1. I'd like to verify a number: residues in the stretch B:155-176 that are within 11 Å of chain A (Cβ to nearest Cβ) and either at pLDDT below 95 or closer than 22 Å to B:Glu18 by Cβ (or both), how many?
2. Would you say A:Val273 is more than 29 Å from A:Gln98 (Cβ to Cβ), among the hydrophobic types (A, V, I, L, M, F, W, C) and under 22 Å from the mean Cα position of the chain (by Cα)?
3. Applying the selection to the stretch B:220-235, what residues are at pLDDT 95 or above and either within 14 Å of another protein chain (Cβ to nearest Cβ) or farther than 7 Å from B:Asp268 by Cβ (or both)?
4. Does the stretch B:101-135 hold any residues that are charged (D, E, K, R) and touching a helix residue (DSSP H, G or I) at 6+ places or on another chain (Cβ under 9 Å), and which are they?
5. Taking the criterion of being within 30 Å of B:Arg221 (Cα to Cα), within 11 Å of another protein chain (Cβ to nearest Cβ), modelled with pLDDT of 95 or more and surrounded by 24 or more Cβ atoms within 10 Å (Cβ to Cβ), would at least one residue in the stretch B:121-142 satisfy it?
6. Exactly one of these conditions fails for B:Gly217: (1) more than 26 Å from A:Ser194 (Cα to Cα); (2) within 13 Å of chain A (Cβ to nearest Cβ); (3) surrounded by 18 or more Cβ atoms within 10 Å (Cβ to Cβ). Give me its number.
7. Going through the stretch B:143-154 one residue at a time, which ones are more than 11 Å from chain A (Cβ to nearest Cβ), buried (at least 21 other Cβ atoms within 10 Å of the Cβ) and not β-branched (Val, Ile, Thr)?
8. Give the residue, chosen from B:Arg91, B:Arg29, B:Arg85, that is more than 23 Å from the chain's Cα centre (by Cα), outside any helix (DSSP H, G or I) and of a type in the set (D, E, K, R).
Protein chains: 2
Amino acid sequence: MSARLLDGTAVATAIRDELRPRIAAFTARAGRPPGLGIVLVGDDPASQVYVRNKIKSGREVGFSVDLQTLPASATLDDVLGEVRRLNASDRHDGILVQSPLPPALGDAAERIVFDTIDPAKDVDGFSPVNVGYLVQKRARLMACTPAGIIELLDRAGLAISGRHAVVIGRSDIVGKPMALLLLHRDATVTVCHSRTRDLPGVAAQADILVAAIGRAGFVTRAFVKPGATVIDVGMNRVDDAATAARLFTPGSPRRATFEKTGSVLVGDVHPEVAEVAGALTPVPGGVGPLTIAMLMRNTLRAAEDRLAP
Amino acid sequence: MSARLLDGTAVATAIRDELRPRIAAFTARAGRPPGLGIVLVGDDPASQVYVRNKIKSGREVGFSVDLQTLPASATLDDVLGEVRRLNASDRHDGILVQSPLPPALGDAAERIVFDTIDPAKDVDGFSPVNVGYLVQKRARLMACTPAGIIELLDRAGLAISGRHAVVIGRSDIVGKPMALLLLHRDATVTVCHSRTRDLPGVAAQADILVAAIGRAGFVTRAFVKPGATVIDVGMNRVDDAATAARLFTPGSPRRATFEKTGSVLVGDVHPEVAEVAGALTPVPGGVGPLTIAMLMRNTLRAAEDRLAP
């Protein structure tokens, strides 16, 4: 094991600490703390954990956070009604509808809901106008995970300019905005995906490799140039013994966790990559905490902009 | 010379021919032809040529096109006033403010003007919400040059899916939207620029190479994998003898043109690339006519959407 571990939790704590004086100043000026409204529909267990973390983190940093839960049987109109109420609310600066919505609402539901959120309160950075601002290098509210990764690289002293960055995955939430942010920081950027030929060979050109595909341990040693920085955006639950055996050597702590509890969380990057990478984000404790810290920063930014546009 | 020449003029003609029945149907339903309003500020000679071509092409295809010219001394308020008048006009479906605006208007003027154009009439695809839709793979009005290049590749029978596309240049108008459109068509996409290390080496990985940098003959043989498809977005006027000597062999038709007239138009791709590329767009007669054809398509699309949203 040679890779330097990039501690996302520590960076997230530093970012939140930097926000505190701004939050205090806002609260003094506005006569109220920044307000974040969260809408959670249905009872997906992972979503419940994510939302709980966001509420805790928001309150801890000094925001007013409230949660509106809707049952899995809620209609699209119910969800849109909540969004419109938060759009109209003067004391809510940020609005977050936890993804995914229940499948019963249909494929288009999420897009319709995100399109309904007031772009000035769109702290996830999902609305088209905020995405357009990101492309045009004038983002105010931008996708949290890619923004957090840039912060992590900067604070770890890892240069971006002139480096070759390879992003595996092309989602609207991570892959595409990540590529654009790296490009704006003067990286040469390659975006790969399931249709890429010789994916390991392309990935192995990277000085900075970002894995955002949602497949446990997909990025093996063959994908990584020795010394490269590897950012693992994945968060996959492994609960079958064959996968656990492929990923974790007998006697390792995570193999032990799997054998004790029957499941273990793992990123998109195979643990063996720690032996070749120069720097690596752990899972958990890497990108995840940064995403929440950036959500806090976006919410404060939205609040400040609403107070003094 | 081995490269197949990709005839942009012929493809542009085919696209315009396909638009005609839709234009006739629109005109019959709406009781008026699709309307395009063009604003030209100042007296830049190249802009005057571009605008003249757009007017001619629009009228030829059956649009109502009108031009509002403003003197180079016009204020930003004058320009915005024209844009607002066109936004409010019921018979204008598309609005185009010719770029660049006179430098005297300041660096921010263009952005302010483009932000003022009603996104539903933004036939250049420059407004942030239209850029966001492009990223989210639901563009209605998208940047004309990249859209035209996709049409050219498709109609030439050149596959995109699974190919490695390298885009040199990262402008909002060409480089970034080109990369996104190629990505959406399942290419592996690399974006290079002035800070890229070993630019020829990276470019030479491309199956599809798009040059959009604005430097005469910058892409030489060393940038091109034998057999690659090379798309030349550049349009540069060469008027010094040293550059002409670097680009054109003695006795070649373009060298003769230069010697006769003292200047010649050349793309970003060096003529010697025709000896290694598999397919190549000429300059002029490659990408340029496609850009105008896509402007026509965008204008019709905007008109149709306004009639039946």
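The values are calculated or read from the model by the stated rules, or taken from the named source; none is laboratory data. Remember, it's a predicted structure, so these values are computed and weren't measured experimentally. Methodologically, a virtual Cβ is constructed for each residue, glycine included, from the backbone with ideal geometry; neighbour enumeration extends over all protein chains shown.
1. 1
2. Numbers: more than 29 Å from A:Gln98 (Cβ to Cβ): yes; among the hydrophobic types (A, V, I, L, M, F, W, C): yes; under 22 Å from the mean Cα position of the chain (by Cα): yes.
Against the criterion (more than 29 Å from A:Gln98 (Cβ to Cβ), among the hydrophobic types (A, V, I, L, M, F, W, C) and under 22 Å from the mean Cα position of the chain (by Cα)), A:Val273 qualifies.
3. B:Thr220, B:Arg221, B:Ala222, B:Phe223, B:Val224, B:Lys225, B:Pro226, B:Gly227, B:Ala228, B:Thr229, B:Val230, B:Ile231
4. If we filter the stretch B:101-135 for residues that are charged (D, E, K, R), which is where we start, we get B:107, B:110-111, B:115, B:118, B:121-122, B:124.
Selection gives B:Asp115, B:Asp118, B:Lys121, B:Asp122, B:Asp124.
5. No.
6. (2)
7. Keep residues of the stretch B:143-154 that are more than 11 Å from chain A (Cβ to nearest Cβ), which gives B:144-154.
Next, only the ones that are buried (at least 21 other Cβ atoms within 10 Å of the Cβ) stay: B:144-149, B:152-153.
Selection gives B:Cys144, B:Pro146, B:Ala147, B:Gly148, B:Leu152, B:Leu153.
8. Every option except B:Arg91 fails the conditions.
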